[in-house]
1. Restricting to region 42-83, count the residues that are more than 25 Å from residue 6 (Cα to Cα) and outside any helix (DSSP H, G or I).
2. Can you name the number of the only condition in (1) surrounded by 12 or more Cβ atoms within 10 Å (Cβ to Cβ); (2) free of Cβ contacts under 8 Å to residues at least 40 places away in the same chain that residue 58 fails?
3. State all residues of region 20-41 that are modelled with pLDDT under 85, surrounded by 13 or more Cβ atoms within 10 Å (Cβ to Cβ) and not in a loop (DSSP other than H, G, I, E, B); if no residue qualifies, say none.
4. Scan region 74-83 for residues that are surrounded by 14 or more Cβ atoms within 10 Å (Cβ to Cβ) and at pLDDT below 90 and jot them down.
């Protein structure tokens with residue numbers, strides 16, 4: 001039961017942390033001064049996805065399901081961020 005709670009927390013982190021990073025970046029960069037470039041947007045988006053991948057990597061799963069989840073996570077997270 002405790003392992004399941006840890007897994008749920010790690011999956012939640014994979015969803016919430018990238019969203020939080022992206023939201024903080026957009027609030028801090030767009031609100032005071034609109035001088036940030038598209039390159040910064042892509043860099044922060046990639047960093048947010050990497051944080052989510054780290055959360056997925058910490059799951060206690062077999063290698064094959066973990067790799068499949070990571071491969072699926074990248075395009076889904078990128079699509080969700082840039083919509």
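1. Final tally of qualifying residues: 2.
2. All conditions pass for residue 58, except number (2).
3. Within region 20-41, 22, 25, 26, 29, 41 meet the criteria.
4. Result: 77, 78, 81.
The values are calculated or read from the model by the stated rules, or taken from the named source; none is laboratory data. These numbers were taken from a predicted model, which means no experiment stands behind them. Cβ sites come from the backbone with ideal geometry, for glycine too, and all protein chains shown count toward neighbours.
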